[in-house]
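A.B. asks: Just dropping this structure here.
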Amino acid sequence: MNRQQKEKGRVRKIYLMVIVSLVIGEMGINMMYLSGCGKDISEKIKLENEQNEENKSETGQQIKKKATEGKFYYQQLGEKEKKAYTELLEGIQNMDRKIRVDMTGQKELEKMNEAMVYDMPQLFWYSGSWRAEMYSDYTEIYPEYTCDAEKRVERQKEIDETAEKCLQDMKKCNGEYEKIKYVFEYLVNTVEYDPSATDNQNLYSALKGKHSVCAGYAKAAQYLLEKSGIECIYVTGTTNRGEAHAWNIVKCNGKYYHFDATWGDPLYQEQEDTEQTGKEVDRINYDYLCCDDESIRKEHTIGSFAEYPVCDSDDLNYFRLNNMYYESYDAAALLEKMKESYEKKEDSFTCEFSNPDVYAQAREDIINNLLPQASQKLAQYYGFSQVRYSYSEYAEHYRITVYWQYSEYTGN
């Protein structure tokens, strides 16, 4: 599926907004089942779990340590919770019908379970829901799986094939930022936001099904980036509309940044504007590729489940890196930049300003003076008597984008 087949949603030219995002609900003993490929589990679950010679020689304790090494949420647990986490993880990996953990207390169990699910995007066969029977000093957990063992093996193969192709292509990237940007664009270009998608709370829906919601985007990003050696944390919170949402925090060159591939989906102008250009214009929203806390909080509220790393650097702001970011307003300089853009026959020109004061100073002059001037000069440059242009504003991020149209405007 190419980008132009994929992106069918339309938004207004002014004040572009992003589609609704969903995230996995609160996990715990009585957690609601959100999605899955089916609840029927065979009486005797048998999993073909081939291990290499190195793993065969490792002790069970070494394997457990390896599985949890560097895991963000695991590191924030107490010793008792860590022990229960590894007990639950081992049972889920084996697809056990009943798992004993040496811990009691509903809130404690919910916290431990949630930490494990957030740390382990690869557990696509586990819904995160369970039924539990608590005793004086231990709990028996009866987990809910979204597919049986045979289907798990089949789906794992599909995930591996998709991930391997992505990771092979990523080898062409130079440095951590380019790898992170590649995964961001890969998910935006290949996954369609779809609340009705099967298994939309796990990475299978995104990597194989190509239809998912924010939980699928975030887990797929976590899975791919961790496989490429980049630290990636699954984060939950809400949008500015109060809707549950999930995204990631990534570590790039020693600093932490927010990463939201769900909100990277392109925002298109009205269909009639697209028809005027004679083609569809690919655009990705890069606001949430490696952004800081200040930027993410404009439209996201970070959850309180954990103490997350501080993201206080905007040095990887996409618009800053690509010479579309302005600390002050200079009309003549900006008009010259617009001229360079249309002479290269670029689809659009974007200017993002550093703060609301500079944006307020620039906005009216750009809309009322610079854009008409630039459009007239474009017409003269290409020999048209009259052309039409359109523009979008993203006030939350102090940004204006103009979309050039390289054709004679006849008024139709």
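A.B. asks: Of the conditions (1) at pLDDT 95 or above; (2) buried (at least 19 other Cβ atoms within 10 Å of the Cβ), ASP265 fails just one. Which one is it?
C.D. replies: Unmet for ASP265, out of (1) at pLDDT 95 or above; (2) buried (at least 19 other Cβ atoms within 10 Å of the Cβ): (1).
A.B. asks: Would you check if TYR223 is buried (at least 18 other Cβ atoms within 10 Å of the Cβ), assigned to a helix (DSSP H, G or I) and of a type outside the set (A, V, I, L, M)? Please lay out each step first, then the result.
C.D. replies: Numbers: buried (at least 18 other Cβ atoms within 10 Å of the Cβ): yes; assigned to a helix (DSSP H, G or I): yes; of a type outside the set (A, V, I, L, M): yes.
The answer is yes for TYR223.
Rundown of residues vs (1) of a type in the set (D, E, K, R); (2) in the same structural domain as GLU243 (by TED's automatic domain parsing); (3) farther than 27 Å from TYR73 by Cα; (4) modelled with pLDDT of 95 or more, yes/no style:
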position	(1), (2), (3), (4)
ALA261	no, yes, no, yes
THR277	no, yes, yes, no
ASP282	yes, yes, yes, no
ASN285	no, yes, yes, no
ASP292	yes, yes, no, yes
CYS311	no, yes, no, yes
ASP330	yes, no, yes, yes
SER348	no, no, yes, no
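A.B. asks: OK, next. Across the stretch 315-327, which residue is farthest from SER341 (Cα to Cα) among those that are surrounded by 17 or more Cβ atoms within 10 Å (Cβ to Cβ) and touching a Ser or Thr at 6+ places or on another chain (Cβ under 9 Å)? Show your work before the answer.
C.D. replies: So in the stretch 315-327, the residues surrounded by 17 or more Cβ atoms within 10 Å (Cβ to Cβ) come out as 316-319, 324-326.
With touching a Ser or Thr at 6+ places or on another chain (Cβ under 9 Å) added as a condition, the list becomes 317, 319, 324-326.
Working: ASN317: 20, PHE319: 15, MET324: 11, TYR325: 15, TYR326: 16 Å.
Checking each candidate, the answer is ASN317.
Conditions (1) surrounded by 15 or more Cβ atoms within 10 Å (Cβ to Cβ); (2) free of Cβ contacts under 8 Å to residues at least 40 places away in the same chain, marked per residue:
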site	(1), (2)
PHE353	yes, no
PRO356	no, no
ARG363	yes, yes
PRO372	no, yes
GLN376	no, yes
GLU396	yes, no
ARG399	yes, no
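A.B. asks: Mind checking whether some residue in the stretch 287-301 is under 24 Å from CYS214 (Cβ atoms), polar (S, T, N, Q) and buried (at least 18 other Cβ atoms within 10 Å of the Cβ)? Walk me through it before giving the result.
C.D. replies: Step one: filter the stretch 287-301 for residues under 24 Å from CYS214 (Cβ atoms), giving 287-301.
Imposing the further condition that a residue be polar (S, T, N, Q) reduces the set to 295, 301.
The next check asks that each one be buried (at least 18 other Cβ atoms within 10 Å of the Cβ); those that pass are 295.
Yes, the stretch 287-301 contains at least one residue that is under 24 Å from CYS214 (Cβ atoms), polar (S, T, N, Q) and buried (at least 18 other Cβ atoms within 10 Å of the Cβ).
The values are calculated or read from the model by the stated rules, or taken from the named source; none is laboratory data. From a predicted model like this one, the values you see are computed outputs, not experimental measurements. Positions of Cβ are generated from backbone atoms using ideal geometry, with glycine treated the same way; all protein chains shown enter the neighbour counts.
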